[in-house]
Amino acid sequence: MASVSLPKLTLHSLLPTQSPKTPFCLNNSILHKLPQSQFHGLKLSRSSSTSIPSSSSSVKASIFAKVTQGTVPPAFTLKDQDGKNVSLSKFKGKPVVLYFYPADETPGCTKQACAFRDSYEKFKKAGAEVVGISGDDSSSHKAFAKKYKLPFTLLSDEGNKVRKDWGVPSDLFGTLPGRQTYVLDKTGKVQLVYNNQFQPEKHIDETLKLLQSL
Amino acid sequence: MGAAESHIWLEPILAGLVGYVLADLGSGVYHWGIDNYGSAETPVFGPQIEAFQGHHKWPWTITRRQFANNLHALARTVTFFVLPIDLACHDSVLLGFVGVCSGCIMFSQQFHAWAHGTKSKLPPIVVALQDAGILVSRPQHAAHHRQPYNNNYCIVSGVWNEFLDTQNVFEALEMILFFKLGVRPRSWDEPNSDWTEETETSSQVALP
């Protein structure tokens, strides 16, 4: 509920009128963020109002190939934490939870990975596979997976090509890679797109909820 | 004073209130920066960064410092910025804002010291102001001195702490700095012995 996170009355009413001392326009970014984190629905509808992807070619790609609920995402082959090539097609025949996260060894991503790890049995019980994707290289993924004993695959999206192909939106005016999770069903079609940068554990709840209904 | 003149006081007072509120925000942003970035070798800020690290290691020592000690460094900086403003400006609203904002900043280290005090040893008026939320409270600041040392950075009134923490403002700033400049804030990594608080009884024992 939005009201839970609102500050004391005086502060909130002062906010829009004061000249920001903070380095960037907090108001807009937080107001953009609030609806996403509090009211996020199943549909991915933030493309028009939020940050623009960094290069013009990715804008074109995202317009034509953006992955949304009901579509089949573009195929890819990426290296996992052991340096082995892994294709998306490998997972056909069972549901897949594919989560894009900003970077290894950052607080939110660590929380998210550990939350997936702690609920991994539930995902297995639902017959699903969990795959994490970030722009870090295989050695970074290997160290990250080892440190936190992650039982699932981490893929290395070097150059963030797949992130751009799938149209994963950025946060805070393009400064932060977005945290977005896709649930694909057995046929490879997207059944859920969930985005939440600052409440990473919610990704686990939302995806499990959907998997139980698949 | 007639009704027509009372508004003359209202605007500077309101400006002062805004200054008080912004001083708290400023204290938080500055504190966050110093706690997380740079080192003893950083130009200009090095000694302060080292002092803040030392404070995390031995937080109780701040309660043993004299009043003048808590004020002098900030007073120097405030004088440098505020004296020219005082001499050049005559607008009462601006002066109200600058006076209260800079005054709160100047006293912020003393407010911080009081937030480390024990209730029975503090002047009753200070305890009353802390309990009323006008000065940063002891429990709120104590939360900053617990793992993962990444919250409750404001030390004037603490009025911004809840908002900044629930909205993940500092986490967002940290992520942006990480992605744009490649710098990791100290609060992301396991606290090492430079950061972890030494308890008085264990100060003889080496920390892991």
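The values are calculated or read from the model by the stated rules, or taken from the named source; none is laboratory data. Only a predicted model underlies this, so the values are computations on that prediction, with no experimental measurement involved. A quick note on method: Cβ atoms are made from the backbone with ideal geometry, for glycine too, and the neighbour counts reach across all protein chains shown.
Considering the conditions (1) surrounded by fewer than 23 Cβ atoms within 10 Å (Cβ to Cβ); (2) touching a residue at least 40 places away in the same chain (Cβ under 8 Å); (3) not in a strand (DSSP E or B), A:Gln197 is excluded by exactly one of them, (1). The condition (being in contact (Cβ under 8 Å) with a residue 24 or more places away in the chain, of a type in the set (Val, Ile, Thr), more than 11 Å from chain A (Cβ to nearest Cβ) and more than 22 Å from B:Asn70 (Cα to Cα)) is satisfied by just one residue among B:Val156, B:Val183: B:Val183. Of everything in segment B:159-180 that's aliphatic (A, V, I, L, M) and at the interface with chain A (Cβ under 8 Å from one of its Cβ atoms), which residue is farthest from B:Ser137 (Cα to Cα)? Among those that are aliphatic (A, V, I, L, M) and at the interface with chain A (Cβ under 8 Å from one of its Cβ atoms), it is B:Ile176. Here A:Gly188 passes the criteria (1) touching a helix residue (DSSP H, G or I) at 6+ places or on another chain (Cβ under 9 Å); (2) within 14 Å of chain B (Cβ to nearest Cβ); (3) part of a loop (DSSP other than H, G, I, E, B); (4) not hydroxyl-bearing (Ser, Thr, Tyr) except the one numbered (2). If you check B:Ile49, B:Ile85 for being assigned to a helix (DSSP H, G or I) and more than 30 Å from B:Ile8 (Cα to Cα), only one passes: B:Ile49. For segment B:143-153, the tally of residues that are touching a residue at least 24 places away in the same chain (Cβ under 8 Å) and surrounded by fewer than 22 Cβ atoms within 10 Å (Cβ to Cβ) stands at 5. Scanning segment B:140-153 for residues that are more than 21 Å from B:Asn70 (Cβ to Cβ) and more than 11 Å from every other protein chain (Cβ to nearest Cβ) returns B:Ala143, B:Arg146, B:Gln147, B:Tyr149, B:Asn151. Within segment A:112-138, the set of residues being away from chain B (no Cβ under 14 Å), of a type in the set (S, T, N, Q) and either without any contact (Cβ under 8 Å) to a residue 40 or more places away in the chain or not in a helix (DSSP H, G or I) (or both) comprises just one member, A:Ser119.
Quick check: is even one residue across segment A:98-111 away from chain B (no Cβ under 14 Å) and outside any strand (DSSP E or B)? No, that holds for no residue. Residues being surrounded by 15 or more Cβ atoms within 10 Å (Cβ to Cβ), modelled with pLDDT under 90 and polar (S, T, N, Q): count how many of those fall in segment B:174-195. Result for segment B:174-195: 0.
Conditions (1) surrounded by 13 or more Cβ atoms within 10 Å (Cβ to Cβ); (2) farther than 25 Å from B:Val100 by Cβ; (3) within 12 Å of chain A (Cβ to nearest Cβ); (4) hydrophobic (A, V, I, L, M, F, W, C), marked per residue:
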site: B:Trp9; (1), (2), (3), (4): no, no, no, yes
site: B:Val21; (1), (2), (3), (4): yes, no, yes, yes
site: B:Gly26; (1), (2), (3), (4): yes, no, yes, no
site: B:His31; (1), (2), (3), (4): yes, no, no, no
site: B:Gly38; (1), (2), (3), (4): yes, yes, no, no
site: B:Gly46; (1), (2), (3), (4): yes, yes, no, no
site: B:Lys57; (1), (2), (3), (4): yes, yes, no, no
site: B:Trp60; (1), (2), (3), (4): yes, yes, no, yes
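All of B:Ser6, B:Ser27, B:Ser39 fail the test of being polar (S, T, N, Q) and not in a helix (DSSP H, G or I), apart from B:Ser39.
Of everything in segment A:97-106 that is crowded, with 19+ Cβ neighbours inside 10 Å and out of contact with any Pro (no Cβ under 6 Å at 6 or more places or on another chain), the residue that is nearest to B:Trp188 (Cα to Cα) is A:Thr106. Scanning segment B:92-126 for residues that are surrounded by 14 or more Cβ atoms within 10 Å (Cβ to Cβ) and not in a helix (DSSP H, G or I) yields B:His116, B:Gly117, B:Leu122. Residues that are without any contact (Cβ under 8 Å) to a residue 40 or more places away in the chain and of a type in the set (Ser, Thr, Tyr) were ranked within segment B:1-52; the one that is nearest to B:Ser108 (Cα to Cα) is B:Tyr30.
Considered as a group, the residues in segment A:156-175 that are among the aliphatic types (A, V, I, L, M) and closer than 17 Å to A:Gly132 by Cβ include one that is surrounded by the fewest Cβ atoms within 10 Å (Cβ to Cβ), and that residue is A:Val162.
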